[in-house]
């Protein structure tokens, strides 16, 4: 096979040159290697394999092959058993999923010291070995494979020579095998990123040589003091790295942790640790990495915690309830490369001790309670920063005209402050920029050198002028948010050559933009989120939206001047879960093809996050933590339950249909009841008629339903009472009639009577009008005349009476003889009635008095 031959190309080149120089090449190795050379003619997949012979005799050999994605067959590695002097084998990235006997092959390499099979898709099953030949093996790396069960009989457990075992990021489940406790030579044990449960420290009690222990993302589920106490005391002074990130440990860090005198890296992120940080941490003078983020620590961080940590390089105290009680003039001994303090209270003054930290690459003091001006030295001190976050403070100051001197900068987050000035010229390598919710003014720059920009978030400022055309030419732009500014004009008319199609979110709401629906979007097939609400757009919605924007999940066009009808093609958007066309001049009927909106038929709260197009995620820059944050966290305004609500990353769970305040007519299509994922439905303030769909109760996820100010008639469907999530209901100002359904959920509505006001023929609680008869069983409307039919009967009788009376009046007005005859007859009738009434009266008196 070509792949297998290419796999060996450089191997043979190195071997032939080495063996031609050294006359003492071992024959069996030379033959095993040269046997492949004849079949190799090319290296089409650009694989790299290398053998190094060290010394005059090939007693030490090094085999290194990187061939990511290539699947090898059994015959492709069997030749390894003919290299008995091989000491270092690295096949990381080579797909070995089709090779079930790889353990037997490796077992033949009696001199092997290091085995690297990282990311090889290994099939890890029980493989019996007649004898164990790996008597020299010291290092085993099996990370990022498919290992789902660590059987106690696996071959490496009794390899007493192994010092380094890496099984991180597999799929191993169950308890930690007791067999690991027998590997007494172990110095490095890495088991992070698996699914071990209830890991017990006593399993490791015999590992006296342990220097590194990584258990992140497994479940320890124990008090930290108890767990640390159970680790081998003989290794306390030797342990250099301890990673218990996301292991569900709880309690307080014990003061006796200062006995771990060689500890260099301590990672306890994302757990349930409480209390104050002990001063004993400050005694660990060799600490270089201290990660205590995402816990429940409280109290103060003092200079005593940090003054002796001269070797500290990374300090992460994010998202605890800590107060940084440090003097402004304090001059720490350390030079941090990573300084993360979001959520820690460092203010109100800007922490001046940071001025000395000129080696920082990753810096975060967001939400730190700082109410101060940005110091003059700030931009020069952090000129080499890669990640900078000072968001959610009240930091004032004017931005410099240019930040191009910050050549290493990749991510800036300055949002939610009081920064002023114009948007500066950005660093060349900047990837993400967020200066939303500040006080920037003036137009956007005429040019931009940051060609790597993927996220540009400038919402909620006072930026004016037009959107520049270079927006079309940013090759990696994914998220553009210019909402709530003073922008005018239209989106740039980019040429098909210049526009890039990678944009996934375009947010322009609350500006002064105009023109028709932007035709330039036809070149953006990856667009997921589009919000151009609250502008001055006009014209009809184009039919090409579904064809040209097939990934669209969020479409918000409210408060514009759009007209025409809703194109039925819009319902072909399979991912559309949020559609807001409110407050326009759209007419016509609601399309019956609503059942095509598949994304509105799903429960997005229980949908896998990877399956939701509105979800992005990324790991915090510079952090080894497994804690993930939402990538798009700027605010989107959504009208739900009659209120403007702010949504950020949780917009991924919102399923909404809002067609209110338009000129729609016709009936509500029954197909709307198939959108069972809807959380909010608003079609109020239109001209809709007919009945409310009987199966409206199928919308069990609905929290808000507004059908008010229409011309709906008939009874309210009984199924409405079974909507258990409903908290906002408005059926007011229609022509509804009959008894209002009762149900537990309907009784919990706030001010329930207002939900039905303006429907004069509704009766029963919570309105004051009583129903005249017993409640008519629902579902038998064809056997009983509805109230609406009775109402129409009364109206018809009244009209008939008026017309008849008017006809008599006209006849008497123009026919004198008829008039005279009528009144003569009326006088005779009246006289007869009087005589009869008098006789009846006398008869009644006679009975009354017995006469």
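No lab work stands behind these numbers, since they all come straight from the coordinates. Note that the structure is a prediction, hence the values are computed from the model and not measured. Methodologically, a virtual Cβ is constructed for each residue, glycine included, from the backbone with ideal geometry; neighbour enumeration extends over all protein chains shown.
Structure summary
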quantity: Cα gyration tensor shape for region 491-606, rounded if a/c is under 1.5, else prolate or oblate; calculated: oblate
quantity: Calculated on alpha-carbon atoms, Rg and Dmax of region 86-178 in Å; calculated: 12.3, 35
quantity: Computed label-point distance, nm, for sites residue 296 and residue 104 using a 7 Å Cα→Cβ extension; calculated: 5.4 nm
quantity: Per-pair calculated FRET efficiency, R0 = 56 Å: residue 770 and residue 179 via Cβ, rounded to 0.05; calculated: 0.10
quantity: Label-point separation in nm, residue 439 to residue 753, each point 7 Å along Cα→Cβ; calculated: 4.8 nm
quantity: Rounded if a/c under 1.5, otherwise prolate or oblate - region 206-245, Cα gyration tensor axes; calculated: oblate
quantity: Gap separating the Cα centres of region 497-568 and region 294-369, nearest whole Å; calculated: 45 Å
quantity: Förster radius 35 Å - calculated FRET efficiency between residue 561 and residue 760 (Cβ-Cβ, nearest 0.05); calculated: 0.50
quantity: Equivalent ellipsoid semi-axes - Cα gyration tensor, region 270-387, angstrom; calculated: 21, 17, 14
quantity: Theoretical gain in end-to-end length, residue 272 to residue 149 [0.36 nm per residue, Cα-Cα removed]; calculated: 41.5 nm
quantity: FRET efficiency, 1/(1 + (r/R0)^6) with R0 51 Å, evaluated for residue 237 and residue 486 via beta carbons; calculated: 0.20
quantity: Virtual paramagnetic centre 7 Å along Cα→Cβ of residue 371, amide N under 13 Å, in region 378-414; calculated: 393-396
quantity: Equivalent-ellipsoid semi-axes of region 417-496, from the Cα gyration tensor, Å, largest first; calculated: 19, 16, 11
quantity: Nitroxide proxy distance, nm - points 7 Å out along Cα→Cβ at residue 321 and residue 725; calculated: 3.2 nm
quantity: Residue order, fewest to most beta carbons within 10 Å, for 257, 220; calculated: 257, 220
quantity: Square roots of five times the Cα gyration tensor eigenvalues for region 421-571, Å; calculated: 25, 18, 13
quantity: Residue-span extension gain [residue 330 to residue 82] - 0.36 nm each, minus C-alpha spacing; calculated: 82.9 nm
